[in-house]
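> Can you read through this structure? Questions will come right after.
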Amino acid sequence: MIDPGDALNRLDEQLDQDSSVTILTGAGISAASGIPTFRGDDGLWEEFDPSELASPQGFQRDPETVWEWYDERRQMIAEAEPNQGHYALAEWDDAFPKLSLITQNVDGLHEEAGSESIIKLHGSIWEVSCWDNCDSSPGSWTDRTAPLEEIPPICPDCGGLVRPEVVWFGEQLDPAVLDASERSLNCDVFFTIGTSAEVHPAAGFITRASRQGAFTVEINPDTTSASGTVDLAVQEPAEEFLPRMNESLGIN
Ligand code: NAD
Ligand code: ZN
């Protein structure tokens with residue numbers, strides 16, 4: 001395991017303001033905000049079968065249970081605040097003009113911390129759309145009501161069901177979003193922060209960035225399947241390491 005001081009020196013060698021930097025974040029960046037990750041010991045998947053809840057089939061079978069689960073998560077997220085990890089990354093917008101931030105999170109905390117132009121790989125828990133895609137409803141719309149007034153919520157245009165605009169198991173990613181992510185893999189330094197690197201295609205991004213010549217960095221207190229392959233694995237919580245890194249590299 002690398003000493004945190006050595007990690008800072010190596011990052012200082014790799015980064016300057018001309019560097020193109022791409023960041024991929026996962027549930028771990030929001031853990032310190034009190035939002036459970038999916039695969040940790042007390043992760044959400046310990047309690048639920050994801051294919052039951054977060055899938056089109058699960059929704060079709062039992063929209064009420066699915067929405068009850070999302071309503072609970074929406075309430076939890078509504079009360080959460082960005083942590084020092086989100087705020088530290090928001091400082092990178094100015095520090096690195098060639099920055100891309102890809103997130104697998106649906107919680108909106110990067111925006112709240114001030115990050116701009118985020119590539120939201122898995123959508124947003126605050127966006128909804130008509131399940132039947134009815135002609136009169138807009139493609140999707142923002143609904144920040146938490147708790148919801150009615151479960152399941154109803155499309156104002158056709159009276160049918162509304163779904164959360166998040167990417168469920170078995171669903172394709174938005175091609176435009178995927179395309180933007182893939183273009184950003186051609187970068188100088190690639191950071192993977194707080195993701196178990198098990199969900200595709202995000203998991204493959206690290207290898208692809210590396211093949212295209214990027215210096216790859218993982219920030220995660222635990223070992224993941226990516227830890228052995230990245231150029232630098234920092235085994236620390238993001239909310240502790242990132243503010244220290246900003247201070248050490250003069251990013252503020
Ligand atoms: P994951 O739950 O599979 O993995 C989380 C990772 O974060 C783990 O490797 C864990 O070791 C690490 N981690 C825990 N605390 C950390 C900290 N303080 N700092 C840095 N790392 C920390 O999550 P994933 O890889 O993002 O993939 C799961 C899917 O779950 C994603 O598709 C995402 O959409 C969804 N999800 C989103 C949220 C959210 O929006 N906040 C929460 C849970 C799950
Ligand atoms: Zn409708």
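The values are calculated or read from the model by the stated rules, or taken from the named source; none is laboratory data. Everything quoted here is computed from the prediction, not taken from an experiment. No Cβ is skipped: glycine too gets one built from the backbone with ideal geometry, and neighbour counts run over all protein chains shown. To get the accessible areas, we keep the full protein, side chains included, count just its heavy atoms, and leave off ligands, DNA and RNA. Shrake-Rupley method; radii C 1.70, N 1.55, O 1.52, S 1.80 Å.
> So, in the range 231-252, of the ones that are open to solvent by less than 20 Å² (accessible area, probe 1.4 Å) and more than 17 Å from the chain's Cα centre (by Cα), which residue ends up farthest from ligand 1 (Cβ to nearest atom)? Write out each step before concluding.
From the range 231-252, those open to solvent by less than 20 Å² (accessible area, probe 1.4 Å) are 232, 234, 238, 241-242, 245-246, 251; that's our starting set.
Filter once more, so that each one left must be more than 17 Å from the chain's Cα centre (by Cα): 232, 234, 241, 245-246, 251.
Numbers: L232: 15, V234: 9, F241: 8, M245: 13, N246: 15, I251: 18 Å.
Filtering first and then ranking leaves I251.
> Which one is farthest from ligand 1 (Cβ to nearest atom) among residues in the range 171-207 that are touching a residue at least 24 places away in the same chain (Cβ under 8 Å), open to solvent by 70 Å² or more (accessible area, probe 1.4 Å) and more than 18 Å from S117 (Cα to Cα)?
Once the filter is applied, the top-ranked residue is D188.
> From the list G139, G159, G108, which residue is at positive phi and within 16 Å of ligand 2 (Cβ to nearest atom)?
Values: G139 fails: at positive phi; G108 fails: within 16 Å of ligand 2 (Cβ to nearest atom).
Matching residue, one of G139, G159, G108: G159.
> Quick check on the range 236-248. Is at least one of its residues of a type in the set (D, E, K, R), out of contact with any His (no Cβ under 8 Å at 6 or more places or on another chain) and without any contact (Cβ under 8 Å) to a residue 12 or more places away in the chain?
Within the range 236-248, one or more residues are of a type in the set (D, E, K, R), out of contact with any His (no Cβ under 8 Å at 6 or more places or on another chain) and without any contact (Cβ under 8 Å) to a residue 12 or more places away in the chain.
> Hey, does the range 148-162 have a residue that's within 16 Å of ligand 1 (Cβ to nearest atom), open to solvent by less than 40 Å² (accessible area, probe 1.4 Å) and part of a strand (DSSP E or B)? Break it down stepwise before answering.
Narrowing the range 148-162 to residues within 16 Å of ligand 1 (Cβ to nearest atom): none.
No, the range 148-162 has no match at all.
> Within the range 102-111, is even one residue of a type in the set (S, T, N, Q), open to solvent by less than 70 Å² (accessible area, probe 1.4 Å), farther than 20 Å from I251 by Cβ and out of contact with any His (no Cβ under 8 Å at 6 or more places or on another chain)? Steps first, please.
Initially, the range 102-111 is screened for residues of a type in the set (S, T, N, Q), giving 103-105.
Now narrow it down to the ones that are open to solvent by less than 70 Å² (accessible area, probe 1.4 Å): 103-105.
Next, only the ones that are farther than 20 Å from I251 by Cβ stay: 104-105.
From what's left, out of contact with any His (no Cβ under 8 Å at 6 or more places or on another chain): none.
Taking every residue of the range 102-111 in turn, none turns out to be of a type in the set (S, T, N, Q), open to solvent by less than 70 Å² (accessible area, probe 1.4 Å), farther than 20 Å from I251 by Cβ and out of contact with any His (no Cβ under 8 Å at 6 or more places or on another chain).
> Take the residues in the range 1-59 that are in a helix (DSSP H, G or I) and of a type in the set (D, E), then tell me which one is modelled with the lowest pLDDT. Break it down stepwise before answering.
First, the residues of the range 1-59 that are in a helix (DSSP H, G or I): 4-14, 27-33, 44-47, 50-53, 56-59.
Next cut, of a type in the set (D, E) only: 6, 12-13, 46-47, 52.
On the way: D6: 92, D12: 97, E13: 97, E46: 57, E47: 63, E52: 75.
Among those residues, the one meeting the criterion is E46.
> When you check W168 against the structure, is it open to solvent by less than 20 Å² (accessible area, probe 1.4 Å) and either touching a Gly at 6+ places or on another chain (Cβ under 7 Å) or over 29 Å from F96 (Cα atoms) (or both), yes or no?
On the way: open to solvent by less than 20 Å² (accessible area, probe 1.4 Å): yes; either touching a Gly at 6+ places or on another chain (Cβ under 7 Å) or over 29 Å from F96 (Cα atoms) (or both): yes.
Yes.
> Another one. Taking the range 158-173 on its own, how many of its residues are of a type outside the set (S, T, N, Q) and under 20 Å from the mean Cα position of the chain (by Cα)? I'd like the intermediate steps shown before the answer.
Taking the range 158-173 and keeping what is of a type outside the set (S, T, N, Q), we get 158-171, 173.
Subset that is under 20 Å from the mean Cα position of the chain (by Cα): 163-171, 173.
Matching residues across the range 158-173 total 10.
> Considering each residue of the range 217-226, count those that are open to solvent by less than 70 Å² (accessible area, probe 1.4 Å) and over 18 Å from the mean Cα position of the chain (by Cα), and give that number.
Matching residues across the range 217-226 total 0.
> Does any residue of the range 80-92 turn out to be polar (S, T, N, Q) and at pLDDT 95 or above? Show your work before the answer.
Keep residues of the range 80-92 that are polar (S, T, N, Q), which gives 83-84.
With at pLDDT 95 or above added as a condition, the list becomes 83-84.
Looking for residues that are polar (S, T, N, Q) and at pLDDT 95 or above, one finds at least one in the range 80-92, hence yes.
> I've got another one for you. Within the range 112-147, how many residues are crowded, with 18+ Cβ neighbours inside 10 Å and modelled with pLDDT under 95?
Residues that pass the stated criteria total 1.
> Being part of a helix (DSSP H, G or I) and open to solvent by 70 Å² or more (accessible area, probe 1.4 Å) is the filter; apply it to the range 77-94 and report the residue that is farthest from D18 (Cα to Cα). Lay out the reasoning, then the answer.
As a first pass, look at the range 77-94 and keep what is part of a helix (DSSP H, G or I): 77-79, 84-90, 92-94.
Filter once more, keeping what is open to solvent by 70 Å² or more (accessible area, probe 1.4 Å): 79, 84, 87, 94.
Details: E79: 37, Q84: 25, Y87: 21, D94: 11 Å.
Here the answer is E79.
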